[in-house]
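These notes are about the structure you will find just below.
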Amino acid sequence: MKKILFALLATVVVMSIQAQPIHRFTVKIGIDRTSVDSLGGEERVVYLIKDMFRQVNKAFNYDSRFAAIHHFEVDWDAFYIYDGLSTEEIGKPHPDHDYLVVMDGYKSDAKEQGGGWYGDTFQTVYHARTHNDRFNSPFEQQAIDGIIHEFGHARGIPDIYAMKVDADKNPICGMPYLGTRCIMDYPYGERHWSDYAVNMINLAAGRNIDIDDLVSKAVPENITIKARWADGTKAEKAAVRLYPVMWYSYTVQPKAVYTTSTDAEGVVTFPTEKVFSREKEFGVKYSNCLVEVELEGKKSYAWIPLWYLQNSWFEGKQSCEVEITLKRDIKLTRDI
Ligand SMILES: [Zn+2]
């Protein structure tokens, strides 16, 4: 009996492994000659890139929440070493490959600015990290953490750190928004994908996508604010104000983008579009929003970062719900 059970179990395990689809993405890599020379030659660089992609692929596969196996496959026949400007390589089309990775470990020209993910028609990672000593190169651990983050962008996830707010840039209540643990928030030494990141990766599946398209596709229709007093009574006819946060600004805008009030039940539902309007560049105009509820001179606050808003859509909800509690004696703030 035990043997039969074990055989059955083994079959179930094998079946569930086979059920995982495999998403393959081809990668073309170009690296500048100065970097190859300073890193010890082509053979050494190829070895380092292979090790780097072992780590990239591991990051996209270790987690059981992924709906598929993701495989970024370097095409070694297309691998090339270039002499010109890295910034010129970034714009080169790569119709036979999903992604281009331009590696520059020795920014030798002032024109060689920037780095990171280039979406839209580029679909390119510009992996730039100066190789000035043995602790700093495109293959050093932090640089590999960085490229994993860039491939997160390649699979449709925006920067979670772009949703943060500095306390001194919040003129409404002086509260910071600290983000959430994720490779897409802070990649260095971090191997954790937030649920939001996993949801986005699963939504992108095996398609070639852009962050803005994926974001605007996965937004719930409405936002619902539920306000109550700390003793549980409904905060009837409370003023509700929504202050937006622009991407990468870390700042709460001083003017509300939308103002409304709760009903007799202490609840208000409004279209998400009133705050997070659609926009080409990022998918939605704002990365976060501070909600202020005011009644009888008392105020309370909550955040609606984009990742939280979108997670409601992933949970199949029509409306993203935010609960806010008002306190009669002291101010009570509630983070989400
Ligand atoms: Zn980023």
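The values are calculated or read from the model by the stated rules, or taken from the named source; none is laboratory data. Here the structure is a predicted model, which is why all the values come from computation and not from measurement. Note: ideal-geometry Cβ built from the backbone for every residue, glycine included; neighbour counts use all protein chains shown.
Close contacts from the stretch 51-70, counting a first residue that is under 16 Å from H153 (Cα atoms) and a second that is of a type in the set (K, R) and loosely packed, with under 14 Cβ neighbours inside 10 Å, with Cβ to Cβ under 9 Å and a gap of 6+ residues or different chains, come to A59/R191; H70/R24.
Taking the stretch 225-296 as the region of interest, the strands (runs of 3 or more DSSP E) fully inside it that hold 1 or more residues being of a type in the set (D, E, K, R) are 239-246, 286-295.
Only one entry of G114, G189, G179 meets the criterion of being surrounded by fewer than 18 Cβ atoms within 10 Å (Cβ to Cβ), of a type in the set (G, A, S), assigned to a loop (DSSP other than H, G, I, E, B) and outside the structural domain of V56 (by TED's automatic domain parsing), and that entry is G189.
One line per residue, one yes/no per condition, for (1) of a type outside the set (D, E, K, R); (2) away from the ligand (no atom under 16 Å from the Cβ); (3) not assigned by TED's automatic domain parsing to the domain that holds W303:
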residue: I201; (1), (2), (3): yes, no, no
residue: K217; (1), (2), (3): no, yes, no
residue: E221; (1), (2), (3): no, yes, no
residue: K226; (1), (2), (3): no, yes, no
residue: E236; (1), (2), (3): no, yes, no
residue: V245; (1), (2), (3): yes, yes, no
residue: V252; (1), (2), (3): yes, yes, no
residue: V257; (1), (2), (3): yes, yes, no
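Within the stretch 30-62, the set of residues being of a type in the set (K, R) and modelled with pLDDT of 95 or more comprises R44, K50, R54, K58. Scanning the stretch 132-173 for residues that are charged (D, E, K, R), within 16 Å of the ligand (Cβ to nearest atom), part of a loop (DSSP other than H, G, I, E, B) and within 21 Å of I29 (Cα to Cα) turns up just one, R155. Looking at the structure I just gave you, is A78 at negative phi, more than 16 Å from the ligand (Cβ to nearest atom) and modelled with pLDDT of 95 or more? When the stated conditions are applied, A78 passes them.
Just one of the listed residues (I330, I304, I324) is β-branched (V, I, T) and modelled with pLDDT under 95, and it is I330. Any residue in the stretch 293-312 that is small (G, A, S) sitting within a Cβ distance under 7 Å of a residue that is surrounded by 19 or more Cβ atoms within 10 Å (Cβ to Cβ)? List the pairs, counting only those 6 or more apart or interchain. Correct list of pairs: S300/V293; S300/I324; S300/L326; A302/V291; A302/V322; A302/I324; S312/P220; S312/C320.
Among the residues of the stretch 119-126, are any within 16 Å of the ligand (Cβ to nearest atom), outside the structural domain of E294 (by TED's automatic domain parsing), in contact (Cβ under 8 Å) with a residue 40 or more places away in the chain and touching a Ser or Thr at 6+ places or on another chain (Cβ under 8 Å)? Within the stretch 119-126, one or more residues are within 16 Å of the ligand (Cβ to nearest atom), outside the structural domain of E294 (by TED's automatic domain parsing), in contact (Cβ under 8 Å) with a residue 40 or more places away in the chain and touching a Ser or Thr at 6+ places or on another chain (Cβ under 8 Å). Could we say that V27 is modelled with pLDDT of 95 or more, β-branched (V, I, T) and under 21 Å from A205 (Cβ atoms) here? It is true that V27 is modelled with pLDDT of 95 or more, β-branched (V, I, T) and under 21 Å from A205 (Cβ atoms).
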